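What follows is a set of notes on a single structure, which appears directly below.
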Amino acid sequence: MQKISIDFSKTKGFIADGAVKQLEKEVLSAQQKLHDKSGAGSDFLGWLNLPSSITREELNTIKASATRLSKQSEIVVVVGIGGSYLGARAVIDALSNSFDHLQKKRNSPVVVYAGQNIGEDYSYELLDLLQDKDFSVIVISKSGTTTEPAIAFRLLKELLEKKYSRDEVKDRIVAITDASKGALRTLAEREGLQTYVIPDDVGGRFSVHTPVGLLPIAIAGLDIDKLVEGAAFMEKATAQGVAYNDNPSAIYAAVRNLLYQSGKTTEILVNYNPKLHFFAEWWKQLYGESEGKENKGIFPAAVDFTTDLHSMGQWIQEGERNIFETVISVEKANHKVEIPSDKDNLDSLNYLAGKRIDEVNKKAELGTLVAHIDGGVPNLRISIPELNENYIGQLIYFFEKACGISGYVLGVNPFDQPGVEAYKKNMFALLGKPGFEKETEAIKKRL
């Protein structure tokens with residue numbers, strides 16, 4: 001298996017010569033904090049050795065559940081928010097046929113999502129779709145009381161109970177939740193639902209390689225063995241003892257922190273493959289939730305090129321120079337499409353006749369790289385050989401490991417998210433949740 005690679009040569013001139021080498025001691029010290037669990041948030045490091053510790057028996061159990069749900073369902077609804085759904089969706093969208101949901105003959109159910117928003121029209125349209133479809137539900141929640149997924153699950157469970165017998169309902173719900181406590185655990189035990197455990201030491205945004213991500217990914221017909229194999233490969237490639245220059249996660253953490261110190265406060269994750277849109281959404285949560293603390297942190301943004309070159313391209317080229325780009329470059333397309341010749345050549349594209357679309361895309365990537373560097377935007381390039389389970393598994397672990405290192409270099413706890421609770425308290429107060437009466441009065445005075 002090849003290893004994904006990182007090229008930071010196009011940051012030259014934006015950070016001092018030798019600066020990456022000078023940061024080696026600090027970066028390796030941050031990595032050491034991860035491995036010896038001496039840093040802040042060390043009780044949430046279960047993801048660190050997760051790929052190499054998943055057993056064959058655990059994977060086979062997940063695959064058996066996926067097979068059972070797939071056989072009885074046209075649609076499987078994944079209920080969750082944040083890391084409880086973004087990791088799975090990132091992988092599924094990256095590796096599935098873009099139009100698979102429109103195919104009449106399918107080898108796996110359509111995976112759709114609920115509980116990631118509170119959109120009433122979205123909820124109505126989903127329930128309407130499911131009225132005459134055979135469907136099952138995977139509900140993912142540590143507590144079972146998080147507002148968005150809890151509302152969605154209540155609605156879906158009610159529809160299941162209208163459509164199916166009690167025994168059938170039980171077989172159509174899988175709960176991924178806490179091992180021993182919480183509303184969802186209580187419900188699962190009372191109604192005899194199959195369950196998987198969200199490990200106490202793995203935060204949601206780091207949970208792709210737990211049942212949280214693996215079960216929906218397996219249901220989508222993807223190879224979770226190879227996904228985990230790729231992650232385990234990267235775990236080894238970024239382990240203690242690996243030389244600093246050979247450790248892609250360490251180098252990425254170093255370069256992005258140096259750019260931040262030089263005033264580049266926004267990182268734009270760029271892809272040239274539309275399949276990676278939701279991978280970028282997962283990445284945004286990973287880094288935004290991990291580093292945005294104590295009035296610090298690089299702001300994570302993302303664009304889909306070349307699409308967004310026709311919308312965001314102007315700003316990136318000539319806007320405020322507080323940005324840098326990290327480009328995910330896929331070296332080889334999985335399919336071949338050549339541009340045909342046209343006898344009239346009214347569109348003047350015959351100079352491209354016989355070329356693959358991917359060649360045109362690669363030239364757009366290189367042309368944009370040069371233009372943006374000339375425009376004052378430093379670029380990092382992360383190359384993956386192709387889109388498959390092995391390399392996506394590598395990429396996920398690469399970013400997770402770099403995130404932990406980078407957070408410690410920045411001087412924050414990368415494994416908590418205290419700021420997320422602020423909106424919830426206000427929302428509960430405004431909705432009249434019992435116990436929030438004082439907050440309700442305080443908010444009313446401010447509105």
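Each residue of the range 116-123 is assigned a 3J(HN,Hα), and the resulting list reads 8, 7, 10, x, 5, 5, 4, 4 Hz, derived from the Karplus form 6.51 cos²θ - 1.76 cosθ + 1.60 (θ = phi - 60°), x at Gly and Pro. In sequence order, the range 95-109 has phi-based couplings of 10, 8, 4, 4, 10, 4, 5, 9, 6, 6, 9, 10, 8, 8, x Hz under the Karplus curve 6.51 cos²θ - 1.76 cosθ + 1.60, θ = phi - 60°, and Gly or Pro positions carry x. Annotation for the range 279-338 versus the range 91-114: alpha-carbon center distance of 25 Å.
Residues whose amide H comes within less than 5 Å of that of Ser5, counting only those at least five positions distant or on another chain, are Ser383 (H built at 1.01 Å from N in the peptide plane).
Considering only the other residues whose Cβ falls under 13 Å of the Cβ of His372, what net charge follows from Lys and Arg at +1 and Asp and Glu at -1?
-1
How many times 2.2 N^0.38 Å is the alpha carbon radius of gyration of the range 148-191?
Values: Rg = 10.7 Å, N = 44, 2.2 N^0.38 = 9.3 Å.
In units of the globular-protein estimate, the range 148-191 measures up at 1.16.
When Lys and Arg each count +1 and Asp and Glu each count -1, what net charge do the other residues less than 13 Å away from Gln131, Cβ to Cβ, add up to? So the environment of Gln131 carries a net charge of -3.
What length, rounded to one decimal in nm, is gained on full extension from Asp36 through to Asp200, with 0.36 nm per residue of separation minus their alpha-carbon distance? My answer for the length gained is 57.2 nm. Amide H contacts for Val137 (H built 1.01 Å from N in the peptide plane; partners 5 or more residues away or on another chain; cut-off under 5 Å): Val77, Ile173, Val174. The HN-Hα couplings worked out from phi for the range 217-225 by the Karplus form 6.51 cos²θ - 1.76 cosθ + 1.60 (θ = phi - 60°) are 5, 5, 4, 6, x, 9, 8, 6, 4 Hz, whole numbers, x standing for Gly and Pro.
Arranged from highest to lowest average of other beta-carbon atoms within 10 Å per residue, in what order do the peptides 350-357, 66-73 appear? Intermediate results must be reported in sequence, preceding the final value.
Details: 350-357: 13.2, 66-73: 17.8.
The most tightly packed comes first, giving 66-73, 350-357.
The count of lysine pairs in the range 50-222 with alpha-carbon distances below 23 Å, taking only pairs 8 or more places apart or on different chains, stands at 25. For the range 362-395, the residues whose backbone nitrogen is under 19 Å from a point 7 Å from the Cα of Lys355, taken along Cα to Cβ, are 362-372. For the chain, give me the percentage of DSSP beta bridges that are antiparallel, rounded to the nearest 5 percent. Counting only bridges with both partners in the chain, antiparallel ones make up about 10 percent. Rg ratio for the range 50-222: its Cα radius of gyration over 2.2 N^0.38 Å, N being its residue count, equals 0.96.
Between the amide H of Ala114 and those of Val78, Val79, Gly80, distances stay under 5 Å, these residues lying 5 or more places away or on another chain, with hydrogens modeled in the peptide plane.
Peptide packing for 422-435, 193-206 was compared via the average number of neighbouring C-beta atoms within 10 Å per residue; ordered from the highest value, the list is 193-206, 422-435.
Estimated from helical segments only, the mean residue ellipticity of the chain at 222 nm is -14500 deg cm²/dmol, where each DSSP H run of four or more residues counts as -39500 (n - 2.57).
When each of Lys438, Lys3 is scored by the number of other beta-carbon atoms lying within 10 Å, the sequence from fewest to most is Lys438, Lys3. Listed by chain and number, the lysines whose C-alpha is less than 16 Å from the C-alpha of Lys25, apart from same-chain residues fewer than 8 away, are Lys33.
Kirkwood-type hydrodynamic radius, the range 314-447: 20.5 Å, calculated from all non-identical alpha-carbon pairs.
Any read-out appearing in this document is the output of simple, stated calculations on the displayed coordinates, not a laboratory observation. Quick caveat: nothing in here was measured; it's all calculated off a predicted structure. All Cβ positions, glycine included, derive from the backbone under ideal geometry; neighbour counts span all protein chains shown.
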